[in-house]
Amino acid sequence: MARRAGAPEVSAGSMADIAFLLLIFFLVTTTIETDAGLDRMLPPMEPPTDEEVIVKQKNIFQVSINKSGQLLADGELIQLNQLREKASAFLDNGGAPSGTEDYCKYCKGKRDASSSDSPAKAIISVKSDRETKYGTYITVQNELVGAYNDLRDRESQRLYRKDFTAMEAEYLNPETEPSVKEELKEKVKRIQGLFPQKLSEAETSTSN
């Protein structure tokens, strides 16, 4: 009887090359989603103090977001496209009486005595539900930062004939000349001091 031939061997040498090429293909063509974030400069850390800071309730602009994305600003139910205007009016109110230490000379608001005394005293507090959509939260934050930037742009145009956001971008650009950056530093800090960004994160609520 003729001897039965053995099973033919399969060359696996090229399989590794094919697998490697497929891996490279998927790495090159796959789109990786990135989480949205906040483009924001954190304020410098202030030295600790033992003095008790008393904040008047009228100097706090409270923004609440529920799980459905509805907004409550200072006790009033508003739409998202109204938030920036409401926040700007609060920051620019200048309610402190004329002649007092907190009086704001450059404020153009209603000077309502029941609202914020000055931009230096004004605080915006944001409270969100644990089930609030991340996109809604980011949009709210961006609208509030936009309110600060709008007011800073206004004062920057008044003092320097240039938007604050443009000056800040140039100042933060690593390619900006050191001499120009030094000049911009004083201007940026001055405008930031007129409308200091005070955004507070309140404790997240839980829906029942």
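Taken together, the values in this text are just the output of simple stated rules run on the coordinates, not laboratory data. Since we're looking at a predicted model, the values are computed, not measured. Don't worry about glycine lacking a Cβ; one is built from the backbone with ideal geometry, like all the others, and counts go over all protein chains shown.
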- prompt: So, in nm, how far is label I138 from label E186 when the simple model puts each one 7 Å beyond its Cα toward the Cβ?
  reply: 3.9 nm
message: At a 10 angstrom cut-off on C-beta neighbours, averaged per residue, how do the peptides 103-114, 153-164 rank from highest to lowest?
response: 153-164, 103-114
- prompt: Under a point spin-label approximation (7 Å from Cα along Cα-to-Cβ), what is the Q157-L23 distance to one decimal in nm?
  reply: 5.7 nm
- prompt: Between E131 and T30, 0.36 nm times their residue separation minus their Cα-Cα distance comes to what?
  reply: 33.4 nm
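At a temperature of 10 °C and a viscosity of 1.306 mPa s, determine how fast the range 54-207 diffuses translationally according to Stokes-Einstein, using the Kirkwood radius over alpha-carbon pairs as Rh; express D in µm²/s, rounded to the nearest whole number. The partial results should precede the final answer.
On the way: Rh = 16.6 Å.
Roughly 96 µm²/s, to the nearest whole number.
How long is the gain from A16 to Q62 if the chain were fully straight, where each residue apart is worth 0.36 nm and the alpha carbon distance is subtracted? Could the numbers behind the result be given before it?
On the way: separation 46, 0.36 × 46 = 16.56 nm, distance 6.05 nm.
Separation in residues times 0.36 nm, less the Cα-Cα distance, equals 10.5 nm.
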query: Is there a pair in K56/K86; K121/K187; K133/K189; K121/K162 whose C-alpha atoms are over 28 Å apart, and which pairs would that be?
result: K133/K189
